[in-house]
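Reading through the structure tokens given below for one structure.
Just so it is clear, none of the values below were taken in a lab; they were calculated from the coordinates. Just so you know, these numbers come straight off a predicted model, no measurement behind them. We place every Cβ from the backbone using ideal geometry, glycine too, and count neighbours over all the protein chains shown.
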Amino acid sequence: MAEKIAKLNMNGKEYDLPILESTLGPDVVKVSELAKDATFTFDPGYNSTASCESKITFIDGSNGILLHRGYPIEQLAEKCEFLEVAHLLLHGELPNKNQKNSFYNDITHHTLVHEQIPRFFSGFRRDAHPMAIMVGVVGALSAFYHTDLDFSSQKNLMLAALRLIAKMPTLAAMTYKYSLGQPFIYPINNLDYAENFLHMMFSLPTEETNVNPVLAKALDKIMILHADHEQNASTSTVRMAGSTGANPFACIAAGIGALWGPAHGGANEACLNMLETIGDEGQIDKYIKKAKDKDDPFRLMGFGHRVYKNYDPRAKIMQKTCHDVLETVGAKDDPLFKLAMKLEKIALEDEYFVDRKLYPNVDFYSGITLRALGVPRNMFTVFFAVARTAGWISQWLEMHNEPTLKLARPRQRYLGATERDVPPIDKR
Ligand code: CMC
């Protein structure tokens with residue numbers, strides 16, 4: 001088949017730009033050769049730029065479709081456990097029984113953190129934001145595994161991935177326990193991933209462990225919904241840091257920093273704050289007006305998405321999970337849930353939101369759900385980070401296994417001063 005070409009005429013020169021086919025979604029125009037002539041493309045926010053080739057996750061934003069390795073998120077959320085999805089992201093396939101046992105066993109036996117790690121915590125203020133602590137302690141893991149950082153070895157690559165997925169809930173729960181001044185809780189090997197996470201968050205050494213399996217199942221589903229999401233800001237940050245050859249613990253720490261922002265993973269915390277500020281249904285119109293006012297920085301948190309111009313499929317599942325969790329904890333009349341449903345309904349009928357194709361995203365209902373699980377608000381984004389680690393590290397591994405690991409180095413459109421001489425100090 002003849003190669004498809006896009007033509008570009010620039011500065012009197014004609015370029016034949018190859019069009020590369022994708023298995024799903026738009027084909028892409030390869031522009032990398034333009035750099036040889038010092039010709040660059042300009043795409044702030046990477047709206048139109050595919051930064052890598054990937055086989056992990058596909059999103060069709062217009063139709064609200066999310067696939068991991070080809071499997072729809074709805075089926076994964078209904079039929080799989082989080083660690084099966086993590087295996088799928090990492091290895092390309094869902095595990096069979098033997099692979100599942102072996103993968104779960106590996107993760108379970110890496111959940112402990114080095115006994116020096118708790119000492120890092122005492123350097124932080126008790127009221128520090130847990131995401132700030134996570135950036136520090138996850139990055140610090142690189143100091144504990146420096147003998148395994150030769151990534152020409154597949155064994156080391158996979159070991160780093162297992163360690164990160166296994167230790168994230170342990171570290172996350174430690175940030176919470178530290179804020180309370182309570183003792184850190186060790187993981188227990190006969191609990192599953194989500195149960196262990198809840199156990200380390202909420203158990204006390206003085207009491208029997210008592211994890212509600214229905215709530216653990218709900219948490220497991222929430223983690224599936226957050227496991228990966230293609231080349232979002234934090235994943236691209238992980239890839240960019242990884243492209244320099246930096247170790248995976250440092251790269252994931254960079255991803256955690258990027259996730260923290262309210263336009264990204266911090267939206268779940270911001271959304272709950274927003275719902276509380278709105279307070280009651282009578283106030284909705286006022287806040288919808290604010291969200292539409294260009295002179296007002298207020299935005300409807302948990303609404304809108306760079307890629308989804310339709311209902312985020314994760315938000316649909318999250319809404320149902322939220323309902324189930326509220327029922328389980330005896331809070332099915334939760335006023336914030338009712339307020340959120342009403343707000344969603346009003347926004348979805350409003351011309352401003354309809355015209356701009358702004359729909360609820362995953363964060364719209366995740367805060368209310370996590371709150372019902374007993375998770376404090378400043379831990380919401382930490383929970384997101386725990387789940388997204390499976391995606392981050394899978395993307396990092398995929399990048400490392402490319403034949404040519406290319407340093408990410410974007411260019412710019414320079415708008416500063418032209419060359420000039422440094423004046424003496426009395427002339428400045
Ligand atoms: N409330 C009010 N107006 C909005 C909103 C919103 N939440 N989101 C977008 N708009 C408007 C925006 O003002 C713009 O209007 P106009 O065309 O008149 O200038 C138009 O919609 C397009 O917005 P944009 O900012 O150019 O779109 P973007 O793709 O850069 O932004 C977004 C995507 C997620 C940053 C944005 O929708 C937003 O700030 N949403 C609230 C924060 C949020 O919920 N973030 C979580 C994202 S999903 C989870 C994750 O991936 O981490």
### Convex hull volume per residue for the range 315-428, taking Cα atoms only, in Å³
288 Å³
## Note on the structure
Taking N as the number of residues in the range 259-313, the ratio of its alpha carbon radius of gyration to 2.2 N^0.38 Å works out to 1.18
### Query
Which Cα, out of Pro424, Tyr414, Ile317, lies furthest along the positive dipole direction of the chain (beta carbon charges, K/R +1, D/E -1)?
Pro424
### Query
Given just the C-alpha atoms of the range 86-237, how large is their convex hull per residue in cubic angstrom?
138 Å³
### Query
Among Asp148, Asp43, what is the fewest-to-most ranking by other Cβ atoms within 10 Å?
Asp43, Asp148
### Task
Run the dipole for the range 1-146 about the Cα centre, Lys and Arg Cβ at +1, Asp and Glu Cβ at -1, nothing else charged, and hand back the magnitude in debye, nearest 20.
440 debye
### Message
Nothing charged except the Cβ atoms of Lys and Arg (+1) and of Asp and Glu (-1): what's the magnitude of the dipole of the range 180-253 about its Cα centre? Round to the nearest 20 debye.
### Response
240 debye
### Task
List the pair-distance distribution P(r) of the range 308-369, using every Cα-Cα distance, as the percent of pairs falling in each 5 Å bin from 0 up to the bin containing the longest distance, rounded to whole percents.
4, 19, 27, 24, 14, 7, 3, 1
### Task
For the range 131-145, take each phi angle, set θ = phi - 60°, evaluate the Karplus expression 6.51 cos²θ - 1.76 cosθ + 1.60, and give the result in whole Hz per residue in order, putting x for glycine and proline.
5, 5, 5, 4, 4, x, 6, 5, x, 5, 4, 4, 6, 9, 10
### Query
To two decimal places, what compactness ratio does the range 365-428 give when its Cα radius of gyration is scaled by 2.2 N^0.38 Å?
2.22
### Query
In this model, which of Lys221/Lys290; Lys30/Lys292; Lys97/Lys332; Lys4/Lys406; Lys100/Lys357 are farther than 29 Å apart at the alpha-carbon?
Lys221/Lys290; Lys30/Lys292; Lys97/Lys332; Lys100/Lys357
### Query
What per residue convex hull volume, in Å³, comes out for the range 135-177 when only alpha-carbon positions are used?
61 Å³
### Task
Would you kindly calculate the mean projected area, averaged across all directions, of the convex hull enclosing the Cα atoms of the range 257-362, in square nanometres?
7.1 nm²
### Summary
The orientation-averaged projected area of the Cα convex hull of the range 80-170, in nm², is 7.0 nm²
### Query
For Thr39, Thr23, Thr57, what's the fewest-to-most ordering of other Cβ within 10 Å of each Cβ?
Thr23, Thr39, Thr57
### Query
What ranking do 410-419, 3-12, 275-284 get when scored by the average of other Cβ atoms within 10 Å per residue, highest first?
275-284, 3-12, 410-419
#### Entry: Distance histogram in 10 Å bins (all Cα pairs of the range 207-299, percent per bin)
14, 27, 26, 25, 8, 0
### Extension gain (nm, one decimal) between Leu415 and Glu115, 0.36 nm per residue minus Cα-Cα
102.9 nm
### Task
Taking only Cα atoms and a 10 Å spring cutoff, compute GNM fluctuations for the chain and point out the largest among Ala331, Ala250, Ala216.
Ala331
### Message
Can you give me the distance in nm between label points at Val354 and Lys406, each placed 7 Å from the Cα along the Cα-to-Cβ direction?
### Response
4.4 nm
### Against the rule of thumb 2.2 N^0.38 Å, how large the Cα Rg of the range 7-152 comes out
1.53
### Query
By how many nm would the segment from Val29 to Phe42 lengthen if fully extended, with 0.36 nm per residue of separation less the alpha-carbon distance?
3.3 nm
### Query
Just how many % of Cα pairs in the range 112-165 lie over 17 Å apart, if you round to the nearest whole percent?
43 percent
### Task
Send over the Kirkwood Rh of the chain, from the inverse of the averaged 1/r over different Cα pairs, rounded to one decimal Å.
23.4 Å
